[in-house]
1. Do any residues in the stretch 112-127 that are under 14 Å from N81 (Cα atoms) have Cβ atoms under 8 Å from those of residues that are buried (at least 16 other Cβ atoms within 10 Å of the Cβ) and aromatic (F, W, Y), where the two are at least six apart or on different chains, and which pairs are they?
2. Out of all the residues in the stretch 176-198, is one or more closer than 19 Å to G7 by Cα and out of contact with any strand residue (DSSP E or B) (no Cβ under 6 Å at 6 or more places or on another chain)?
3. Answer yes or no as to whether F184 is touching a helix residue (DSSP H, G or I) at 6+ places or on another chain (Cβ under 8 Å), buried (at least 16 other Cβ atoms within 10 Å of the Cβ) and of a type in the set (F, W, Y).
4. Which residue pairs have Cβ atoms under 8 Å apart, sit 6 or more places apart or on different chains, and have a first residue in the stretch 153-171 that is within 26 Å of V91 (Cα to Cα) and in a helix (DSSP H, G or I) and a second that is of a type in the set (A, V, I, L, M) and modelled with pLDDT of 95 or more?
5. For the stretch 205-234, which residues satisfy the criterion of being loosely packed, with under 14 Cβ neighbours inside 10 Å and either within 18 Å of the chain's Cα centre (by Cα) or in a strand (DSSP E or B) (or both)?
6. Would you please list the contacts, defined by Cβ atoms under 8 Å and residues six or more apart or on different chains, that run from a residue in the stretch 187-204 that is closer than 15 Å to H219 by Cβ to a residue that is surrounded by 14 or more Cβ atoms within 10 Å (Cβ to Cβ) and β-branched (V, I, T)?
7. May I ask you to verify whether G189 is within 13 Å of the ligand (Cβ to nearest atom) and either part of a helix (DSSP H, G or I) or not hydroxyl-bearing (S, T, Y) (or both)?
Amino acid sequence: MEKLRLGVNIDHVATVRNARGGDTPDPIRAARLAEEAGADGITAHLREDRRHIADADIEQLMDTLTVPLNFEMAATEEMQNIALRHKPHAVCIVPEKREERTTEGGLEVAREENRLAHFIAPLRDAGCRVSIFIAADIRQIEAAHRIGAQVIELHSGAYCDAHHEGRFEDRDRELEAMREMSTFAHSLGLEVHVGHGLTYETVEPVAKFPEVRELNIGHFLIGEAIFLGLQPAIQEMRRLMDGARA
Ligand code: PXP
């Protein structure tokens, strides 16, 4: 099986920084430490309201990272311009609602196919790998394929919530849907990533899916870093992923 990449999402280092309005903790320092600890990529979501990552963070990440940046953004003209200016390795298109606490669901690609096809074309032309964050739903995967995305990221939030709330039948159903849909997406030639809500308890079954190439994990790791330190927290996730894969 190919190695499973770990993308570390550093948004919530910026959330803590912004709570006081100063410079610390610095998400760029977190990104560098994550690289040293074995992260294969760094993920950052520049939201319209700039509640965590700021424009200057993206600039600094582009200047300093030695691993690829996965730039998460909504499908807006403002974000498209920013992505085209920086040309990050990957752009992950996510739905974004102002009132949400986090990215609650996958993108509705099937209903917006035309607009999204036009939206991602210049990003692809600029050399960015375009990823679409979607639910494990065959309609959305087919639509992501038709619009020319190279990657899909399956939203693992429902699976993780069900696990941590003790709804094990729901959890197993969600897991099975992700397993089937990762096989299906791979058969279409899409690269498959998974992300949202993953923890030490939920990562292993997903890491076992042979078609999954990358996991993007943020909130849990930044929280665990309070207790373990950032690098040990990442190294433990890496160990669990590699063990599941072996
Ligand atoms: N992948 C995508 C597309 C996301 O939007 C997020 C959250 O920003 C993550 C992964 C990481 O989720 P979490 O912070 O819950 O690990």
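1. Here the result reads none, with nothing in the stretch 112-127 linked to a residue that is buried (at least 16 other Cβ atoms within 10 Å of the Cβ) and aromatic (F, W, Y).
2. Within the stretch 176-198 (the criterion being closer than 19 Å to G7 by Cα and out of contact with any strand residue (DSSP E or B) (no Cβ under 6 Å at 6 or more places or on another chain)), the answer is yes, since at least one residue qualifies.
3. yes
4. A158/A135; Y159/L175; Y159/M178; Y159/V206; C160/L198
5. Residue satisfying the conditions is G223 alone.
6. Within 8 Å, the pairs are V194/V206; V194/V212; G195/T43; G195/I217; H196/T103; L198/V206; L198/I217; V203/I217.
7. Working: within 13 Å of the ligand (Cβ to nearest atom): no; either part of a helix (DSSP H, G or I) or not hydroxyl-bearing (S, T, Y) (or both): yes.
No: the conditions fail for G189.
Residue-wise test of (1) of a type in the set (V, I, T); (2) closer than 26 Å to E191 by Cβ.
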| residue | (1), (2) |
| --- | --- |
| A14 | no, no |
| N18 | no, no |
| I28 | yes, no |
| L33 | no, no |
| G38 | no, yes |
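The values are calculated or read from the model by the stated rules, or taken from the named source; none is laboratory data. Computed from a predicted model, the values in this text were never measured in an experiment. Neighbour counts are summed over all protein chains in view; Cβ atoms, including those assigned to glycine, are modelled from backbone coordinates with ideal geometry.
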